[in-house]
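> I'd like to ask you about the structure that follows.
The values are calculated or read from the model by the stated rules, or taken from the named source; none is laboratory data. These numbers come from a predicted model, not from an experiment. Cβ: placed from backbone, ideal geometry, glycine included. Neighbour counts: every protein chain shown.
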């Protein structure tokens, strides 16, 4: 049985933008709904909403049902979490708070089999069809198709940005404006601060120079999304499931009660 190509990678390689969201609710139904709505990807957050049980597997399975690509954000400094996410069938992984080229290289190596990386082999996993799709073709597919990204979130990372972006096997840079704001000493997220937006422009330039994609949270306003797309963001993350639901309910309640 042949392994399917990574639909998200194929779309981005073709020069198209990818639209996505974030899942904090840990509901397979939410992931399925995202796929039925036409999103290209969801980022499943395992950094700030981590469950070390079967939940992640079920969310990825729900994405497969609708052709939705699931990107898993793992905790940093644990390469085995990257392997686990890929064994479950994630279309990609992203490692937070990468500040040096050595850390970026380590993230890539954790996702690749030897000699390119350090990923341990076992075809007895969901991605390997529980052994039925394992072996050399699966190894080649695993090294080629799942995407690997790192988050740029601190001023230290900006000092090493060009080196990080040049790492072979790295597919995308994900800018975190909240933690970047904190690293500037602003004491709260300030995504529209000139220094924060200037950092995004530098990330976009470095990514374009080295043939990488750029992931960024752009909200849900169509005009704002268009502007970020024109600036060079290719993986456009339209807020989270819970915040989207919160905003919808809040706006409806305020409208009904006559609040501004």
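> Would you confirm, using the coordinates I've provided, whether residue 241 is surrounded by 15 or more Cβ atoms within 10 Å (Cβ to Cβ), more than 25 Å from residue 99 (Cα to Cα) and touching a residue at least 40 places away in the same chain (Cβ under 8 Å)?
In short, yes.
> Name the residues in region 119-167 that are without any contact (Cβ under 8 Å) to a residue 24 or more places away in the chain and either part of a helix (DSSP H, G or I) or closer than 17 Å to residue 209 by Cβ (or both), would you?
Matches in region 119-167: 130, 131, 136, 140, 144, 159.
> Also, quick follow-up: Quick one: residue 181 ticks every box in (1) at pLDDT 95 or above; (2) buried (at least 17 other Cβ atoms within 10 Å of the Cβ); (3) in contact with a helix residue (DSSP H, G or I) (Cβ under 9 Å, 6 or more places away or on another chain); (4) outside any helix (DSSP H, G or I) bar one, so which box is it?
Checking residue 181 against (1) at pLDDT 95 or above; (2) buried (at least 17 other Cβ atoms within 10 Å of the Cβ); (3) in contact with a helix residue (DSSP H, G or I) (Cβ under 9 Å, 6 or more places away or on another chain); (4) outside any helix (DSSP H, G or I), the one that fails is (4).
> What about residue 235, is it under 14 Å from residue 22 (Cβ atoms) and modelled with pLDDT of 95 or more?
Yes; evaluated as a whole, the condition is true for this residue.
> How about region 45-63: which of its residues are within 16 Å of the chain's Cα centre (by Cα) and modelled with pLDDT of 95 or more? First the steps, then the outcome.
Keep residues of region 45-63 that are within 16 Å of the chain's Cα centre (by Cα), which gives 45-50, 56, 59-60, 63.
Correct list: 59, 60, 63.
> Also: Quick one: count up the residues across region 105-124 that are more than 22 Å from the chain's Cα centre (by Cα) and under 22 Å from residue 57 (Cβ atoms).
5
> I'd like to check which strands (runs of 3 or more DSSP E) are fully inside region 1-115 and have at least 1 residues that are in contact with a helix residue (DSSP H, G or I) (Cβ under 8 Å, 6 or more places away or on another chain) and without any contact (Cβ under 8 Å) to a residue 60 or more places away in the chain.
Qualifying strands (runs of 3 or more DSSP E): 41-45, 69-73, 92-95.
> Could you run through region 208-234 and say how many residues are in a strand (DSSP E or B) and either in contact with a helix residue (DSSP H, G or I) (Cβ under 7 Å, 6 or more places away or on another chain) or closer than 18 Å to residue 164 by Cα (or both)?
4
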